[in-house]
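Quick note: the coordinates plus some simple rules give every number you see, no bench work behind them. Note that the structure is predicted; figures quoted are calculated from it, not measured. Virtual Cβ from ideal backbone geometry, glycine too; neighbours counted across all protein chains shown.
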Amino acid sequence: MVNDNTILVGVDGSHASYKATWWAANYAKHVGLSLQIVCAYSLPSYAAVSFDATYTAMGDDNAAHNDAQEILSKAKAIADEQGVDAQTLIVTGDPSSVFVELSRNYNLIVIGNRGKGGLAERLLGTTSSSLPAYAYCPIVVVPYTDDKGNLMHLNNVITKVAVGSDDTKWGIRALELAAQFAHSWGAQLDVITVVPSNTNLADDEVRGKFEDELDTRLKPILAEYPGLNVRKNIVAGNAVETLTKASRDHDVVVVGSCGRGGFTGLLFNSTSQGLLQHSVSPVLVVPRKFVEAEAQRAEKEGEPTATVTLDELVTEVPVDRADEDVERQIEIKIDPKAADYLGDGNDD
């Protein structure tokens with residue numbers, strides 16, 4: 001059964017994954033959900049593909065388990081600071097495969113993206129191992145830095161949400177989830193439709209056609225959320241560039257993906273999964289398999305479903321919270337404004 005009350009976040013010892021934990025905990029607290037923090041590793045090569053490079057050499061299962069507990073203790077400290085009582089879990093197995101299986105049991109998985117190495121590279125690096133491509137639930141990818149390596153600040157209150165909108169099943173579901181997300185925060189929702197760059201939007205008839213299509217998609221959304229602040233945008237250009245630009249002044253960007261064409265293909269094309277690699281705000285991806293799985297569950301409502309139980313994949317482990325000095329150093333490493341509210345950061 002899908003766990004409707006819990007968010008899953010993956011950590012690997014990188015500061016990017018701790019930043020993802022911060023975002024996940026902040027969101028879980030806001031919507032009243034619990035948080036499960038998962039650390040995944042596989043032997044004999046876990047050090048190369050699963051943990052941050054500072055952890056132990058490969059081949060020692062006991063050392064790997066201890067390192068995973070240390071990673072979880074730091075992540076738990078971040079969740080505790082947000083006021084969220086997080087459960088800590090250890091996964092043994094290839095992270096990309098295990099997280100895909102775990103996605104059958106959750107409504108949301110959060111991971112961090114630092115561009116190179118670690119869990120993010122395993123889950124985002126190629127189409128064949130891409131979690132957003134194969135997951136059965138929505139995925140939030142939290143950026144650690146921008147393209148120039150500047151550390152990104154995350155707001156703890158969401159005020160503006162952007163969504164890429166098209167008429168595919170995945171694009172429509174992305175619009176629905178974006179509206180639900182914006183409504184939960186009382187945020188503004190900017191709905192962006194990107195049309196081919198050679199489209200003459202100055203022609204009233206041409207623009208009117210796209211506006212009518214967008215209004216049709218928005219009609220049930222506005223009926224469900226009559227007080228939602230919605231802004232409509234029709235842009236001629238490139239989808240990746242348009243949504244990347246939107247990420248600069250929005251707290252979250254939402255997009256659907258089935259792996260081909262338009263918005264639905266922009267994450268897995270030849271531009272290195274454009275938006276995921278260049279966005280400076282968290283990206284919520286609505287995968288094709290998630291939409292298909294929802295449709296199948298609706299068709300078979302009342303019948304037993306074959307989901308993977310957590311006991312088959314993960315082990316809950318108790319961890320001690322990291323001490324305050326460690327916690328403080330992590331905060332400074334994941335947020336450029338951390339020193340402003342933690343005090344003097346000269347010892348960083």
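Full extension from Ser197 to Thr159: what is 0.36 nm times the residue separation minus their Cα-Cα distance, to one decimal in nm?
Result: 10.7 nm gained on full extension.
Computed from backbone phi, the HN-Hα couplings of segment 188-201 come to 6, 10, 9, 9, 10, 10, 9, 10, x, 4, 8, 6, 8, 6 Hz, rounded to whole numbers (Karplus: 6.51 cos²θ - 1.76 cosθ + 1.60, θ = phi - 60°; Gly and Pro given as x). Residue by residue, segment 72-82 carries 3J(HN,Hα) couplings of 5, 5, 5, 5, 5, 4, 5, 5, 4, 4, 7 Hz when phi is fed to the Karplus relation 6.51 cos²θ - 1.76 cosθ + 1.60 (θ = phi - 60°); x denotes Gly or Pro.
Taking packing as the residue-averaged number of other Cβ atoms within 10 angstrom, the listed peptides 228-239, 196-207 run from highest to lowest as 228-239, 196-207.
Amide H to amide H distances under 5 Å link Val195 with Val235, Ala236, Gly237, where only residues 5 or more positions off or on other chains count and H is placed in the peptide plane.
Legend: ranking of residues Leu222, Leu175 from fewest to most surrounding C-beta atoms inside 10 Å; resulting order Leu222, Leu175. For segment 160-283, the Kirkwood estimate of hydrodynamic radius, built from reciprocal distances between every pair of different alpha carbons, is 14.5 Å. Close amide H contacts of Asn113 (hydrogens built in the peptide plane, cut-off under 5 Å, sequence separation of 5 or more or a different chain): Val142, Tyr144. Amide H to amide H distances under 5 Å link Gln188 with Lys160, Val161, where only residues 5 or more positions off or on other chains count and H is placed in the peptide plane. Exposure proxy shown here: for His250, His15, the number of other Cβ atoms within 10 Å sets the order, fewest to most, as His15, His250. Taking θ as phi - 60° and the Karplus parameters 6.51, -1.76 and 1.60, the scalar couplings of segment 167-183 work out to 9, 6, 4, 6, x, 5, 5, 4, 4, 5, 5, 5, 5, 4, 5, 4, 4 Hz in sequence order, x denoting glycine and proline. When Ser96, Ser73, Ser103 are arranged by Cβ crowding within 10 Å, least crowded first, meaning fewest neighbours, the order is Ser73, Ser96, Ser103.
The value of relative contact order for segment 160-283, using C-alpha pairs under 8 Å at least six residues apart, is 32 percent.
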